[in-house]
Amino acid sequence: MSKSPKVWFLAPEVAPFAKTGGLADVAGALPCALKKLGVDVRVGLPFYGMVRDGNFPVRKVVEGLEVPLGDRILQGDVLETATNEGVPVYLFDRKGFFDRDNLYGTPDGDYPDNLERFAYFSRAALLFAKKAGFHFDVVHCHDWQTGLMPAYLKTLYSTDPFFSRVASVFTIHNMGYQGLFPADNLSISGLPASEFHPEGVEYWGNISLLKAGILYADATTTVSPTYSQEIQTPEFGMGMDAILRKRSADLYGILNGVDYNAWDPATDPHLAAHYGPGDMGGKRSCKHDLVNETGLDQRLMARPLFAMISRLAAQKGCDLLVQIAEDVLRLDAGLVILGAGENKYQQALVELGQKYSGNMAVRIGFDESLAHRIMAGADMLLVPSMYEPCGLTQIYALKYGTVPIVRATGGLDDTIEQFDPDSGTGTGFKFVDYDANAFLRQIKEALRIYDSKGAWAQVVKNGMRADFSWAESAREYVLLYEKVRQRYQSKITRGV
Ligand code: ADP
């Protein structure tokens, strides 16, 4: 077998540099797991204001990289830094594009020039690799922001000898974000007008960068086996199920792993005390710390504390959460919510938090450190998603001995096994119908087990012993990289 593939890994957010959700965690951890398997992987992302404010050690490696955008040639810089594990990370800077308060938009909506911003990033990343002489075999890109890259490789750069042997893998982290732009912006993307048709980047009269990624990439992956099947159905395909069915031979579901260097209660620097399956004393200290920090009633030290850490979007089941919150409190339990997102959910939750202060604490905003403390201090994590490509919080919760109550959809269904008190197997509680009563029934079932201490210790232990580290999934990606690379190598030997 030939040497490991060289991979140019491009994502719109990468932890710890810039994060709004699970994609950042994946794009931060997977390259490190690939490196451990011997892959020469380099990561690229925009140089957002958030990255600059993080004060990572950076050095400028290219000044004035020339990047065509529409009928202009823009110039931008490229900076280099690295992950803790030594994976090189390149940051693409362009005056006016990325140095903003947020990554993609404000609570009022997306930035209007997102097409310019991410077309720039996509082209800059490819042109930088050529300039730097990084002869990569595979570009692995993520979500709509990078969907133009596979399209560029198949069109603009298909005859450029530097790119003609490069294969592309496109990973969908969420079908709900499709990168839609008006058709008359096509020239900004740089794609020829001949690509604007239903078999190309056109999506019902608009341009869709998500569709571009799916159609032009050599392989498309998504982040759990169940979601890879679901998105081929009208219920979950968000209008693109037919496109995905058409590409089903090249569509893979590879379950996300998690980074236990960042998420392990035995070592987590954000916690007041540490613990593990053999010594759970620290979890009680973490609960105490959380109750104090959030101003909850001390009485809750003897009662179950439910938590949710989430983007506040319809996808995450926020309607169900708002519907059941008062019922949960009536069960003499506490509730801690950390989230940011749509105003209507923020308001509804803040009002509940004010009405039931002492029993329900609501924190609006993005707070990485508090997310860790809630994960450790709570007894149960609620993840009632309408759909869930993979979901990471329920996997973190397992490790923290915080029992997940999830809706059986997508990656939630793949990662959580219903607890069976008779056999003592299972890691959490699942409900099937997207319905407040179904959700509440599982909450009550979890409470019943919580009150029978022996069974509770068992479900907690089962979860803490589960292993979702990246090694296995990273191996699946390597096999896929090999597979797509082979196509180009055989093309070359056949002289195509
Ligand atoms: P998604 O990517 O759809 O938002 P995931 O469950 O895959 O959902 O990943 C969410 C990630 O974002 C987790 O690391 C979670 O801890 C984090 N997170 C979500 N909301 C917040 C918040 N308000 N503050 C801090 N971290 C958050």
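Read-outs throughout are calculated quantities, based only on the coordinates presented, and are distinct from any laboratory measurement. If you're wondering where the values come from, they're calculated on a predicted model, not measured in any experiment. Glycine also receives a Cβ, built like all others from the backbone with ideal geometry; neighbour counts cover every protein chain displayed.
Below, the figures for the structure above:
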{"read-out": "Relative contact order of the chain, defined on C-alpha pairs under 8 angstrom at six or more residues apart (%)", "value": "13"}
{"read-out": "Protection-proxy order for peptides 72-85, 248-261, each taking the mean of Cβ atoms within 10 Å per residue, highest first", "value": "248-261, 72-85"}
{"read-out": "Phi to ³J(HN,Hα) by Karplus 6.51 cos²θ - 1.76 cosθ + 1.60 over segment 185-196, Hz, x for Gly, Pro", "value": "8, 4, 4, 4, 5, x, 6, x, 4, 5, 8, 8"}
{"read-out": "For segment 255-264, 3J(HN,Hα) per residue [Karplus equation, 6.51 cos²θ - 1.76 cosθ + 1.60, θ = phi - 60°, Hz, x = Gly/Pro]", "value": "5, 4, x, 10, 9, 6, 5, 9, 10, 8"}
{"read-out": "Rounded to the nearest 20 debye, dipole of the chain from Cβ charges on Lys, Arg, Asp, Glu", "value": "1040"}
{"read-out": "Net +/- balance of residues flanking VAL350 in space, Cβ distance below 15 Å, scoring K and R +1, D and E -1", "value": "0"}
{"read-out": "Prolate/oblate/rounded label for segment 281-467 (Cα gyration tensor, a/c 1.5)", "value": "rounded"}
{"read-out": "Sum of -39500 (n - 2.57) over DSSP H runs of 4+, divided by residues of the chain (222 nm, nearest 500)", "value": "-11000 deg cm²/dmol"}
{"read-out": "Among 149-160, 450-461, the order from most to least packed when residues are scored by Cβ within 10 Å on average", "value": "149-160, 450-461"}
{"read-out": "Percent RCO, i.e. relative contact order, over segment 281-467, from Cα pairs under 8 Å lying at least 6 residues apart", "value": "20"}
{"read-out": "Percent breakdown of C-alpha pair distances by 10 Å bin, ordered from the shortest bin, for the chain", "value": "4, 19, 29, 25, 15, 6, 1, 0"}
